[in-house]
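Novice: Can you read through this structure? Questions will come right after.
The values are calculated or read from the model by the stated rules, or taken from the named source; none is laboratory data. In this text, all values refer to a predicted model and were calculated from it rather than measured experimentally. Cβ coordinates were reconstructed from backbone atoms using ideal geometry, including for glycine residues, and neighbour counts include every protein chain displayed.
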Amino acid sequence: MNSQSDGRACQRGQPRWTRLLTLLLSLLMAPIVLAQPATFPDKTLNMVVNFGSGGVTDLMSRELARGMEADLGTSVVVFNRPGALGTLGPGYVAKQAADGYILAVVSASVITITPHLMDVPFGLDDLTFVAGYGKNRFGLVVKADSPYQTIDDLVSAARGGKSLFFGSPSTSNSVVIFDLGSKSKSKFELISYKSGPDTTMGLLTGQVAVIAPNPPDVMSHLKAGTVRLLASASPARWPEFPNVPTLKESGYDVALEAWVGIAVPKATPSAVVARLEKSIQMAMSQPAIATSFLKIGADPAFMDGKAYTEFLKKEREVMGRLIKESGIPRIQ
């Protein structure tokens, strides 16, 4: 009797053990399910531009954001954090949460040039570079009524113990003129501005004698005839002004073009970085975005994060040697 009773009790208890085991397994699995990350992105991204509104970097970044929104299916909000020759924005982003939702627009010059000229609150190792997405051109521009009709006129005015003031929003714009001064044995003194348009206004109001702008900063003024392009400071002539020579063609070994890229805080997960890189590549492959860049006066391009990081490292060494050989002073 006892044996039969025990058997019946065991049969009756078996479903309870099965239910208990199922409950226990579900409880054990619950933390794993909760720990799985949501699909990135699942909310708005912020893009921090390191220069003021209306300049070439700002305009390029807004076009990139538009292209990324179409690919990511979420908003990419652009806001400006200018100052300290383009270093405040990246320095701010480097200290934010490493989740991929805040992006830094980082002009290559902030990594390759600026640290050789001034103290910078962050370095190459404080950020993860996602991709490069375009290049800027440079030129030398004076007011329409300036007495300097040629580069030779400009250089002569800055020789013999004299100096000329020039305006600049970034170290790349500054290096163009400092390098010209070094190689022509002339002297130029810097007045810093927060953006390209601010720098152009400095020229128009007579605060400075010359600037080394990017095309969007001066194109409307060039067309209106209120300023003049003396020379292209990049390897090629500006397509909008094919009759204006480059500095090299004018006898001065000075030429610069500058990449712009996107970075995130250092500890950002690799899968998130890869998704952002893919989105930037998709954006830059859109004909409408490329056309917008050309209208801005920038050259559309794409370089993946690994290649862009290596480019920055090598260019940092190259620019360091150039700055040292040219005797370009540190910015106080």
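Novice: Would you mention how many residues in segment 199-221 are part of a loop (DSSP other than H, G, I, E, B) and either without any contact (Cβ under 8 Å) to a residue 40 or more places away in the chain or in contact with a Lys or Arg (Cβ under 6 Å, 6 or more places away or on another chain) (or both)?
Specialist: Count: 1.
Novice: Can you report the number of residues in segment 248-261 which are part of a loop (DSSP other than H, G, I, E, B) and more than 18 Å from ASP217 (Cβ to Cβ)?
Specialist: 8
Novice: Out of ALA263, ALA224, ALA271, I need the residue that is touching a residue at least 24 places away in the same chain (Cβ under 8 Å), surrounded by fewer than 16 Cβ atoms within 10 Å (Cβ to Cβ) and small (Gly, Ala, Ser). Which one?
Specialist: After ruling out the rest, the residue left standing is ALA271.
Novice: In segment 294-310, what residues are at pLDDT below 95 and either in a helix (DSSP H, G or I) or over 16 Å from the mean Cα position of the chain (by Cα) (or both)?
Specialist: Of everything in segment 294-310, those that are at pLDDT below 95 and either in a helix (DSSP H, G or I) or over 16 Å from the mean Cα position of the chain (by Cα) (or both) turn out to be LEU294, LYS295, ILE296.
Novice: Within segment 230-242, is even one residue of a type in the set (Asp, Glu), in contact (Cβ under 8 Å) with a residue 12 or more places away in the chain and either in a loop (DSSP other than H, G, I, E, B) or in the same structural domain as GLY55 (by TED's automatic domain parsing) (or both)?
Specialist: Yes: one or more hits.
Novice: Look at LEU124 and say whether it is surrounded by 23 or more Cβ atoms within 10 Å (Cβ to Cβ) and touching a residue at least 40 places away in the same chain (Cβ under 8 Å).
Specialist: no
Novice: Another question about this same structure. Go through segment 274-291 residue by residue and tally those that are surrounded by fewer than 19 Cβ atoms within 10 Å (Cβ to Cβ) and under 16 Å from the mean Cα position of the chain (by Cα).
Specialist: Total meeting the criteria: 1.
Novice: Looking for whichever is assigned by TED's automatic domain parsing to the domain that holds LEU59 and not β-branched (Val, Ile, Thr) here; the options are ALA290, ALA209, ALA224. Which one fits?
Specialist: ALA290
Novice: So how many residues does segment 56-99 have that are more than 16 Å from PRO265 (Cβ to Cβ) and part of a helix (DSSP H, G or I)?
Specialist: 20
Novice: Considering only segment 129-152, I want to know if a residue exists there that is surrounded by fewer than 15 Cβ atoms within 10 Å (Cβ to Cβ), under 24 Å from PHE311 (Cα atoms) and of a type outside the set (A, V, I, L, M).
Specialist: No, because not a single residue in segment 129-152 is surrounded by fewer than 15 Cβ atoms within 10 Å (Cβ to Cβ), under 24 Å from PHE311 (Cα atoms) and of a type outside the set (A, V, I, L, M).
Novice: Being closer than 30 Å to ALA97 by Cα and either under 19 Å from the mean Cα position of the chain (by Cα) or not in a helix (DSSP H, G or I) (or both), is that true of even one residue in segment 318-329?
Specialist: Within segment 318-329, none of the residues are closer than 30 Å to ALA97 by Cα and either under 19 Å from the mean Cα position of the chain (by Cα) or not in a helix (DSSP H, G or I) (or both).
Novice: Oh, and also: Which members of segment 100-130 meet the condition of being charged (D, E, K, R) and part of a loop (DSSP other than H, G, I, E, B)?
Specialist: Once the filter is applied, which keeps residues that are charged (D, E, K, R) and part of a loop (DSSP other than H, G, I, E, B), segment 100-130 yields only ASP119.
Novice: Could you list, in sequence order, all residues of segment 262-279 that are assigned to a strand (DSSP E or B) and under 24 Å from PHE293 (Cβ atoms)?
Specialist: Matches in segment 262-279: ILE262, ALA263, VAL264.
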